[in-house]
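Let me begin by presenting the structure, written as structure tokens, before commenting on it.
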């Protein structure tokens, strides 16, 4: 199954957004239209589960390849643009990810948000992953 994030409008023009798991994009549109929703945006969530992309712990510090940070940022941006809350987007990424260093970081980010910290504050807990520039761009 593939996961899609959608934005849609009902017959009265009210906005709706959410997540749907289907075989393909066409099936997602069909299911949503059967729910009397007109799809305005449909994004496939592409999470990379490949273990060879992630580095494991090195020298006691957590390391993640730049490509993984880029993928995380793009996927998070797509979910936020689709109207998914930050907390829900991170929870979705955690649920779809195997045990890995990135998953551990996402769990920490989720815990920080649950504790009432800002997203940038929780990112600051991982200076080995998130640079000052990255965090500054999040704050902007």
Relative contact order as a percentage, the chain, C-alpha pairs under 8 Å and 6+ apart, gives 19 percent
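Cut-off is 10 Å between beta-carbons; in what order do 93, 1 appear when sorted fewest neighbours first? Provide the component values of the computation, followed by the final result.
On the way: 93 20, 1 9.
Sorted ascending by nearby Cβ count, the order is 1, 93.
Could you work out the relative contact order of segment 2-44, using alpha carbon pairs under 8 angstrom and six or more residues apart, expressed as a whole percent?
Details: 74 pairs, mean separation 22.0, N = 43.
Rounded, it is 51 percent for segment 2-44.
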Quick one: helix 86-96 against the long Cα principal axis of the chain, what's the angle to the nearest 10°, folded into 0 to 90?
80 degrees
Going by how many other Cβ atoms sit within 10 Å of their own, how do 120, 115 line up, fewest first?
115, 120
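Tell me, what are the semi-axes, in whole angstrom and largest first, of the equivalent ellipsoid of the chain as set by the roots of 5 times the Cα gyration tensor eigenvalues? Please report the intermediate quantities before stating the final value.
On the way: eigenvalues 195, 61, 26 Å².
Over the Cα atoms of the chain, the semi-axes work out to 31, 18, 11 Å.
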Residues 12, 76, 86, 70, sorted so that the one with the fewest Cβ neighbours within 10 Å comes first:
12, 70, 86, 76
Nearest 500 deg cm²/dmol is fine: what mean residue ellipticity at 222 nm does the chain get from its DSSP H runs of n ≥ 4 alone, each adding -39,500 (n - 2.57), divided by its residue count?
-13500 deg cm²/dmol
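None of the figures in this text is laboratory data; all of them are computed from the coordinates on show. For clarity, every value in this text was computed on a predicted model and none was experimentally measured. Cβ sites come from the backbone with ideal geometry, for glycine too, and all protein chains shown count toward neighbours.
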